[in-house]
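In what follows, a single structure is set out as structure tokens and then discussed.
Derivation of every value follows stated rules applied to the coordinates shown; laboratory data play no part. It should be emphasised that the depicted structure is a prediction, and the values quoted were computed from it without experimental measurement. No Cβ is skipped: glycine too gets one built from the backbone with ideal geometry, and neighbour counts run over all protein chains shown.
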Amino acid sequence: MADDGSSAPADDSRLLLLANEPAEVPLVSALLQDAVVHAGDIAWTPKARRLTLLVNRFRWETHDATRVRSALRVEGVIRLQRRDWPGGDAVLALLAVTIDGVGVGVGGALTLVFAGGATLRAEVEAIDLIVEDMGEPWPATRVPAHD
């Protein structure tokens, strides 16, 4: 607990992860599993070839039932497609990040799979992912549970 009497954890360690190889995508996926994102916090900038998601990430790696505001940046996005996308500013739960057709330094596609069937498919020049925590963690109101 923090020394100031608040209920927030006193852990200020922030994750910064760079993934540039196919074997690193499952780690990114595991760290982002159950991240919650508003559809309005997803931005694709075609000119910069960047897809950015601002998420509230459950910190699976700490085992302390906390969440933290994080950014996922996907660089080198050539094309972005969405399927079964909800309207408005829906709240989405990210289930997995998968990859297909990508080798080291070779383009392919990343798929972000959300609960309820919504997906984003980003065709990329190469794997270039960044996950960065942007603030202090806070206690999670619920711990995600899976069958």
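Cβ-Cβ distance of A30 and I78, R₀ of 22 Å, FRET efficiency by 1/(1 + (r/R0)^6): the value works out to about 0.30.
Residues T111, T141, T45, ranked from the fewest to the most other C-beta atoms within 10 Å, line up as T141, T45, T111. Each Lys or Arg adds one and each Asp or Glu subtracts one; over the other residues with Cβ under 11 Å from the Cβ of V36, this totals +2.
Hey, what's the Cα Rg ratio for the chain versus the globular rule of thumb, 2.2 N^0.38 Å?
Values: Rg = 15.6 Å, N = 147, 2.2 N^0.38 = 14.7 Å.
The reported ratio for this selection is 1.07.
Legend: ranking of residues E136, E21 from fewest to most surrounding C-beta atoms inside 10 Å; resulting order E21, E136.
Highest mean packing comes first when the peptides 65-72, 86-93 are listed by Cβ atoms within 10 Å, giving 65-72, 86-93. Summing Cβ point charges (Lys, Arg +1; Asp, Glu -1) relative to the Cα centre of the chain gives a dipole of roughly 640 debye.
Close amide H pairs (under 5 Å, H built 1.01 Å from N) link V124 with I78, G108, A109, L110, residues at least 5 positions away or on another chain.
In the range 78-147, one over the average inverse separation of all distinct C-alpha pairs is 14.4 Å, which is the Kirkwood hydrodynamic radius.
Using alpha-carbon pairs under 8 Å, 6+ residues apart, how would you state the relative contact order of the range 17-136 in percent? Across the range 17-136, relative contact order equals 32 percent.
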